[in-house]
Amino acid sequence: MRCILATSLALCAAPALAQPEPATGTEIEAAISGNTLYSEIDDAGTSRDYFAEDGEMRGNDDVDSTWTIEDDALCMTFNAGSDCWQLAIDGNSVTWLRDGEAVGTAEIRTGNPEEF
């Protein structure tokens, strides 16, 4: 009984896992503009994308893409479609967020090391 009570108290005292805090649009732009994201996103796979300062996005595919910041989200247009994501940023680490839930990760690399 003493062991069960101690275990229950320990579990109650443990903090809940916090969701990553979404970055502001200003923080997102400062982190990615002129840099490359190496990403792995659930249901989308891996990608390497360079976010040029002029809003052009170039990557390891031949898709015409652009990016903007709207309402504290990174919005990307691929050919005829578009999508917006929140990002949590910690140094050079990024967590991709969809409806407040983590759905992927990325690493920010300075500049355009892939020469896209």
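The residues on offer are A73, A44, and the sole one that is under 17 Å from I28 (Cα atoms) and touching a residue at least 24 places away in the same chain (Cβ under 8 Å) is A73.
Considering only residues of the stretch 36-78 that are aliphatic (A, V, I, L, M) and assigned to a loop (DSSP other than H, G, I, E, B), which is farthest from P22 (Cα to Cα)? I'd like the intermediate steps shown before the answer.
Initially, the stretch 36-78 is screened for residues aliphatic (A, V, I, L, M), giving 37, 41, 44, 52, 57, 63, 69, 73-74, 76.
Among the residues that remain, those that are also assigned to a loop (DSSP other than H, G, I, E, B) are: 44, 52, 63.
Numbers: A44: 20, A52: 22, V63: 27 Å.
By that ranking, first place goes to V63.
Of all the residues that make up the stretch 81-116, how many are among the charged types (D, E, K, R), under 17 Å from D43 (Cβ atoms) and part of a strand (DSSP E or B)? Let's see the steps before the verdict.
Here is the first cut: in the stretch 81-116, the residues among the charged types (D, E, K, R) are 83, 90, 98-99, 101, 107, 109, 114-115.
Filter once more, keeping what is under 17 Å from D43 (Cβ atoms): 83, 98-99, 101.
Now restrict to residues that are part of a strand (DSSP E or B): 83, 98, 101.
Residues in the stretch 81-116 being among the charged types (D, E, K, R), under 17 Å from D43 (Cβ atoms) and part of a strand (DSSP E or B): 3 in total.
Please indicate, with yes or no, whether at least one residue in the stretch 97-104 is free of Cβ contacts under 8 Å to residues at least 12 places away in the same chain and more than 23 Å from P20 (Cβ to Cβ). The answer is no; no qualifying residue exists. Residues of the stretch 89-103 that are surrounded by 12 or more Cβ atoms within 10 Å (Cβ to Cβ), under 16 Å from T36 (Cα atoms) and of a type outside the set (V, I, T): N92, S93, W96. Tell me, yes or no, whether the stretch 5-20 has at least one residue that is at negative phi, surrounded by 15 or more Cβ atoms within 10 Å (Cβ to Cβ), at pLDDT below 95 and in a strand (DSSP E or B). So far as the stretch 5-20 goes, no, none of its residues is at negative phi, surrounded by 15 or more Cβ atoms within 10 Å (Cβ to Cβ), at pLDDT below 95 and in a strand (DSSP E or B).
Per the conditions (1) closer than 14 Å to N112 by Cβ; (2) surrounded by fewer than 18 Cβ atoms within 10 Å (Cβ to Cβ), the sole criterion not satisfied by Y50 is (2). In the set (1) closer than 14 Å to L87 by Cα; (2) surrounded by fewer than 17 Cβ atoms within 10 Å (Cβ to Cβ), A23 fails one condition alone, (2).
The values are calculated or read from the model by the stated rules, or taken from the named source; none is laboratory data. Model, not experiment: these values are computed from the prediction. Counting neighbours? That spans all protein chains shown, and the Cβs are built from the backbone with ideal geometry, glycine included.
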